[in-house]
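Undergrad: This is the structure I want to talk about, given as structure tokens.
The values are calculated or read from the model by the stated rules, or taken from the named source; none is laboratory data. Keep in mind that what you see is a predicted model, and the values were worked out from it rather than measured. Here the Cβ positions follow ideal geometry from the backbone for every residue, glycine too, while neighbour counts run over all protein chains shown.
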Amino acid sequence: MSQPSDELADLEPFGIFDIEAERLARFFAGLDGGSWHRPSRCAGWLVKDVLGHLAGEELYNHACLEDDLAGFASRMAAAGLSGPGDYNAYNEWCVRERRDTPAALILDEWLAANAETRRRMRELGAGSRDSTLTTSIGPYPVWLQAFHYCSEFATHADDVGAPVAAEEAPGRAAWRAQVARFALRERRSPVGVQAVDGGFMVGLAELRAELSAADFVDATVDRLPPDFALDPKLRAALVCLA
């Protein structure tokens, strides 16, 4: 029987992780003062807030790498949060804690912390797909965790409007769709997904919809516009990487 990870067997996540991190780094480094205060595609967050979120979540990433989720939970409890599972509250805390910090300092914080995350993830996972690290759901394969990070970085790059060159867009859409299909299978989602010319046919019970590759990816990361024509039940069932 095939496994969800079979969807990703032909991809190497650590190089993708580097590419998406570098895309964000270039974009943030080129912003002027006013650009930091533009709304992002994340509801309620400015561009600077997205960077604050990225910097803050490196605390969790490093706790996973150091097998110290207990220490991370203690730090969260001291901040009035319930720990690694309280994702929404944690994300908002990361943003709130950095709102009054100059963007340049947040960028320096994120660049240093993420470089360490990527280096250590590659060292742990590049040689063997059996290597695991501690996560909030238990031990998890390093190479698969890297794909989750790749997806998140690509999503946030789109959220803030980081440029994607025309020649790399098709390949980027393809790997993101592969990761999305993996995530749906990993979650045992009831949604069926079939590749068709130009995109995917998705189905849930009697519901069917044909989506472009870009719209399929946006659906799985909960970024479809509110007025996008898709049944609410199918829309909700497709979300797996938000």
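Undergrad: If we scan segment 119-127, do we find a residue that is surrounded by fewer than 17 Cβ atoms within 10 Å (Cβ to Cβ) and within 24 Å of Leu241 (Cα to Cα)?
TA: Yes; the residues of segment 119-127 include at least one that is surrounded by fewer than 17 Cβ atoms within 10 Å (Cβ to Cβ) and within 24 Å of Leu241 (Cα to Cα).
Undergrad: Do any helices (runs of 4 or more DSSP H) lying entirely in segment 12-110 carry at least 3 residues that are on the phi < 0 side of the Ramachandran plot and of a type in the set (A, V, I, L, M), and which ones are they?
TA: 13-29, 47-65, 69-78
Undergrad: Okay, moving on. Identify all residues within segment 76-123 that are of a type in the set (A, V, I, L, M), under 20 Å from the mean Cα position of the chain (by Cα) and at pLDDT 95 or above; write none if there are none. I'd like the intermediate steps shown before the answer.
TA: Let us first name the residues in segment 76-123 that are of a type in the set (A, V, I, L, M), namely 76-79, 81, 89, 95, 103-107, 111-113, 115, 121.
Pick out the ones that are also under 20 Å from the mean Cα position of the chain (by Cα) and you get 89, 95, 106-107, 111-113, 115, 121.
Val95, Ile106, Leu107, Leu111, Ala112, Ala113, Ala115, Met121, listed by residue number.
Undergrad: Still on this structure, I have one more. What are the pairs, 6+ residues apart or on separate chains, where a residue within segment 215-242 that is closer than 21 Å to Asn88 by Cβ has its Cβ under 9 Å from a residue that is aromatic (Phe, Trp, Tyr) and part of a loop (DSSP other than H, G, I, E, B)?
TA: Asp218/Phe228; Ala219/Phe228; Arg235/Phe228
Undergrad: Working only within segment 1-28, note down all residues that are within 15 Å of the chain's Cα centre (by Cα) and under 18 Å from Ala169 (Cα atoms). Spell out how you get there, then give the answer.
TA: Initially, segment 1-28 is screened for residues within 15 Å of the chain's Cα centre (by Cα), giving 13-14, 16-24.
Hits for segment 1-28 are Pro13, Ile16, Phe17, Asp18, Ile19, Glu20, Ala21, Glu22, Arg23, Leu24.
Undergrad: Right, here's the next one. Identify, please: which residue in segment 1-45 is closer than 16 Å to Val164 by Cα and touching a Pro at 6+ places or on another chain (Cβ under 9 Å) and is, among those, surrounded by the fewest Cβ atoms within 10 Å (Cβ to Cβ)?
TA: Looking at residues that are closer than 16 Å to Val164 by Cα and touching a Pro at 6+ places or on another chain (Cβ under 9 Å), I get Arg26.
Undergrad: Within segment 91-110, is there a residue that is surrounded by 14 or more Cβ atoms within 10 Å (Cβ to Cβ) and either closer than 22 Å to Tyr140 by Cα or in the same structural domain as Pro225 (by TED's automatic domain parsing) (or both)?
TA: yes
Undergrad: Which pairs do you get when a residue that is of a type in the set (Phe, Trp, Tyr), found in segment 185-201, comes within reach of a residue that is part of a strand (DSSP E or B), reach meaning Cβ atoms under 7 angstrom, with the pair 6+ apart or on two chains?
TA: These pairs meet every condition: Phe200/Val193; Phe200/Gln194; Phe200/Leu211.
Undergrad: Considering only segment 104-145, how many residues are free of Cβ contacts under 8 Å to residues at least 24 places away in the same chain, of a type in the set (D, E, K, R) and more than 16 Å from Glu12 (Cα to Cα)?
TA: 1
Undergrad: Separate question: Is there a residue being assigned by TED's automatic domain parsing to the domain that holds Phe17 and either hydroxyl-bearing (Ser, Thr, Tyr) or in contact with a strand residue (DSSP E or B) (Cβ under 8 Å, 6 or more places away or on another chain) (or both) anywhere in segment 157-178?
TA: For segment 157-178, residues assigned by TED's automatic domain parsing to the domain that holds Phe17 and either hydroxyl-bearing (Ser, Thr, Tyr) or in contact with a strand residue (DSSP E or B) (Cβ under 8 Å, 6 or more places away or on another chain) (or both): absent.
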